[in-house]
Amino acid sequence: MSEDEELPDLGGGATPNSNSTVVSIGGGDQNYVSPGPDQVLENVLENVLCFLTSRRDRNAASLVCKSWYRAEALTRSELFIGNCYSVSPRRVTNRFRLIKAIAIKGKPRFSDFSLLPPDWGAHFAPWLRAMAISYRALEKLYLKRMCVRDEDLAIAAHSFPILKELVLVCCEGFGTDGLAIVARECRQIRVLELMDSVIRDNEVDWISCFPEDVTCLESLIFDCVEAPINFEVLERLVARSPSLKKLMLNSYISITQLYRLMIRAPQLTHLGTGSFSPLEIVAQGEHEPDYFSAFAACKSLICLSGFKEIIPEYLSAIYPVCGNLTSLNLSYANISAEQLKPVIRQCHKLQTFWALDSVSDEGLQAVSAACKDLRELRVFPVEALEDAEGPVSEVGLLAISEGCRKLQSILYFCHRMTNAAVVAMSKNCPDLVVFRLCIMGRHMPDHVTGEPMDEGFGAIVKNCKKLTRLAVSGLLTDRVFNYIGQYGKLLRTLSVAFAGNTDLGLKYLLEGCPKLQKLEIRDSPFGDSALFAGLHHYYNMRFLWLSACKVTRQGCKEVARQLPGLVVEVIAWNEEENGTSEDVDTLYLYRSLDGPRADAPRLMVRPSLIMLGKALFNYRAGFPLAALKISPSSCGFHALAVEPSPAA
Amino acid sequence: MTMISEEHKKEKLGFEETELRLGLPGGGGIINGDLVKNTNANGKRGYTQTVDLKLNLALKETEKGENLQKEKNLISCSNDSVKPSPKAQVVGWPPVRSFRKNIVAVQKSSSEEGGGGATTFVKVSMDGAPYLRKVDLNMYKSYQDLYGALGKMFSSFTMGKCDSQGVMDFMNESKLMDLLNGSDFVPTYEDKDGDWMLVGDVPWEMFVGSCKRLRIMKGTEAIGLAPRAMEKCKNRS
């Protein structure tokens, strides 16, 4: 019933009076201008759209017509940038004017496993420059896998005076210097969360930088900060923060210090326990605090983690809270099944459980018996080696599937597995949304039947109808990809390693999975012909990653030529004496509105990083170029860099 | 043959091995020299941990000038090999982030007697200092190295006599007596048996094997431990 039609573009700017009519209301104000229909529409829209919070809904709304596009752009307050290179900061700040919360993701996930050079990119600085001008009312900043420098934190602290939340996940490039500035300058900060990030120890006492009159802290997570903490100051900070709900300590905090913090903050809901190990520097003979009663006093505690250097004898202190826990992270605690059992059998409300495989199949059986409400399980390896005889296997997986029927997400590292157990899980746990199985030995078959693991993963995609994320491993043929292409209709994220036989494997995926957004593949025999099978889909994807596969430089160039809206990054070997080889080591391609990035590292020695995209397209079409530089260095290596053409 | 070249490529995928990289500012280009020193449990991810996983570890030990030459040699060697070793480790596999590997290793070595593993982290406290530090005893080759490091770590807190660079001069034995008599500081350690001993009595290797914890005590409190040390001084002078 909408009366909307495509309205003429009014030159890009809002000209509210262009369609209005002047009405003189007898005797009234002659200057009154009744707003025209599209202005009314925009007003209505703006008032309605502010209730639309989901970004997918907003994206859809913005596509209705230009009027809706404008109204949506003016009312969106939360922004999500899934790939920091898919769009330039300036384009973003030009479109959205009123942003209060922004999330930006940078490097692809495989960079976590040393598959990208450290200076690859994903710098926060250019985003910060644009945001410091346009988003001064920013309240929430979330960054994942970005390079953030101390200077960036300083500029952010100065540019966003009402910043309330700063969350940095898997970031690097800054140190305790930067943290000190944030603590000191962001006077409204309520949430400061540092997770899985690499933070330099500048030997700065950053905790002391929180001003004495700042009392609004709600969440302080610094378990990944590998630097000592001034405990007395931390204790005072916790004591003056009555709203503090989340506190996650690093391994420099002893269990005695933990006790002192807990008795000051019994209102905590999320606690990261630090080292969970005593400090014996105090003179011997001193009584140990009553850790049990400290936990008993925390009646709201629902999430427990830390245990970074656990002395297992202290684990019984957490018994009072077990019955309330919905999340327990023991993934740094090298404990056995026997040490786990007395704890886990009390955790009947547990929904999230992370552990090391040291708990063994027997420990997982105990989990299965006790945690009927379990939704997410992660089992990490104590020894991340291929050739170990790991303590968990298909036995643990089967037990979990039988006891935890509501399971939605699983990440399971093991050394041996069977199809039967995976099939059983596919049937017992139909609610699975995330299934990530990592059999650590490459090309490892079903250790009972000797068969490839195709049938197991095939059953997962077939029976788990809500599955959106999958990671496969073990010995796998093209057949598993056929299954995935056939049944994985909701699949958005797929990770593949050491799998498949021919190009058919990748073709099945690209042709069969319409919702595929993120595809990361390593060490699999997929070549150019498979690459071309995805041309119809790459614009719908966040990214495609192929490393140590069989694609060639020629193939990558062809993709770049056919899809000018893609950026195709190639890391390739240059055989020094033979000129450029065709071998491509890593291909990372993604859609971008703004062409190849200007901050790609220039590698003077192999391997070299090549950017393909619009520039190359222009080159092929004969436009003035685009620096396609080949400059032999004195060592005989070649550096190849393509820059965006100024004429483009 | 394909497997070989793939293996070979994986070896070369360690970007940290290339010396002469010029990264753009903000990206943190690393020179090999810095890399080698940073192999402690700082939680640093990515390329530093790749060093542990990779095969051609010989590269990181070589002089810069020889690096390229060695790389060439390595290439020809790899091409000659018949088949890849089944135990050869691959970059980034299994896909476990390096800080997860690090932390577990530290745990293991502290639970073993004397820390037989590659790292022997012990906590160091200094009386009056607001927080503790940790040192990896395996990073030092002698007491002098250790004292230098401790002095540097705690120089801001010391109330004792320092030399012109602000480093505690523990190395001077004649000063030890001054230290013990005054309000200066003395390094002590807790050994395997739980006893508190004066640092420096036993040979270095024996010390590394038996030290569980370090404490830099006030000189006046170390008097009970001092007679042994003073006797040592008398014997030497």
Using alpha-carbon pairs under 8 Å, 6+ residues apart, how would you state the relative contact order of chain A in percent? 5
Compute, for segment A:145-217, the length of the dipole vector about the Cα centre, with Cβ point charges of +1 (Lys, Arg) and -1 (Asp, Glu) only. Units Debye, rounded to 20. 280
Taking 7 Å along the Cα-to-C-beta vector as the label spot, tell me the A:L535-A:Q486 distance in nanometres, rounded to one decimal. 2.8
What are the residues whose amide H is under 5 Å from the amide H of A:T352, where those residues sit 5 or more places off or on another chain and H is modelled from the backbone? A:S327, A:L328, A:R375, A:E376
Buried accessible surface, B vs A, both sides, probe 1.4 Å, in Å² to 100, equals 6300
Assuming R0 = 45 Å, what is the FRET efficiency of A:C50 and A:A598, from their Cβ-Cβ distance, to the nearest 0.05? 0.80
Using a 1.4 angstrom probe on the protein heavy atoms only, line up A:M195, A:M131, B:M153 by accessible area, largest first. A:M195, B:M153, A:M131
Cα Rg, Dmax (largest Cα-Cα span) when computed across segment A:346-390, Å: 11.7, 36
With a 1.4 Å probe and every protein chain kept in, tell me what percent of the accessible surface of segment A:214-314 is carbon plus sulfur. 55
Would you kindly derive the ³J(HN,Hα) couplings of segment A:68-80 from the backbone phi angles with the Karplus curve 6.51 cos²θ - 1.76 cosθ + 1.60 (θ = phi - 60°), listing them in order in whole Hz, with x for Gly and Pro? 5, 4, 5, 5, 5, 4, 7, 10, 6, 10, 10, 10, 10
The FRET efficiency for A:E313 and A:V33, from their Cβ-Cβ distance with R0 = 60 Å and rounded to 0.05, is 0.15
Taking only protein heavy atoms into account and a 1.4 Å probe, give the accessible area per residue of chain A in Å². 39
With θ taken as phi - 60° and the coefficients 6.51, -1.76 and 1.60, list the Karplus ³J(HN,Hα) couplings across segment A:160-167 in order, rounded to whole Hz; mark glycine and proline as x. 10, x, 10, 4, 10, 10, 10, 10
Nearest-0.05 FRET efficiency for A:R345 and B:D193 at R0 = 30 Å, using Cβ-Cβ distance, is 0.20
Output wanted: per-residue J couplings in Hz (rounded whole) for segment A:145-158, from phi through Karplus 6.51 cos²θ - 1.76 cosθ + 1.60, θ = phi - 60°, x for Gly and Pro. 6, 10, 8, 10, 9, 4, 4, 4, 5, 5, 5, 4, 4, 7
Roughly how much of A:E212 is accessible, in Å² to the nearest 10, using a 1.4 Å probe? 120
How many Cβ atoms of partner chains, on average, are near each residue of A:222-228 if near means within 10 Å of its Cβ? 4
Kindly provide the helix-only [θ] at 222 nm of chain A, computed as the sum of -39,500 (n - 2.57) over DSSP H runs of four or more divided by all residues, to the nearest 500 deg cm²/dmol? -8000 deg cm²/dmol
Under the 0.36 nm per residue contour assumption, what length would be gained going from the current alpha-carbon distance of A:K515 and A:I133 to full extension? 133.9 nm
After finding the eigenvalues of the alpha carbon gyration tensor for chain A, what semi-axes result from the square roots of 5 times each, listed largest first in whole Å? 42, 37, 27
Grab the Cα-Cα distance for A:H158 and A:E232, subtract it from 0.36 nm times how many residues apart they are, and report the gain in nm with one decimal. 23.9 nm
Can you give me the long-range amide H partners of A:I310? Hydrogens built in the peptide plane at 1.01 Å from N, cutoff under 5 Å, separation of 5 or more residues or another chain. A:N334
Interface residues of segment A:377-415, defined as losing at least 20 Å² of accessible area versus the chain alone with a 1.4 Å probe, are A:F380, A:V382, A:A384, A:L385, A:E386, A:D387, A:F413
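The values are calculated or read from the model by the stated rules, or taken from the named source; none is laboratory data. Because the structure is a prediction, the values reported are computed rather than measured. Reconstructed Cβ throughout: ideal geometry from the backbone, glycine too, with neighbour counts over all protein chains shown. Keep in mind that these areas ignore ligands, DNA and RNA; they rest on the heavy atoms of the full protein, side chains included. Shrake-Rupley method; radii C 1.70, N 1.55, O 1.52, S 1.80 Å.
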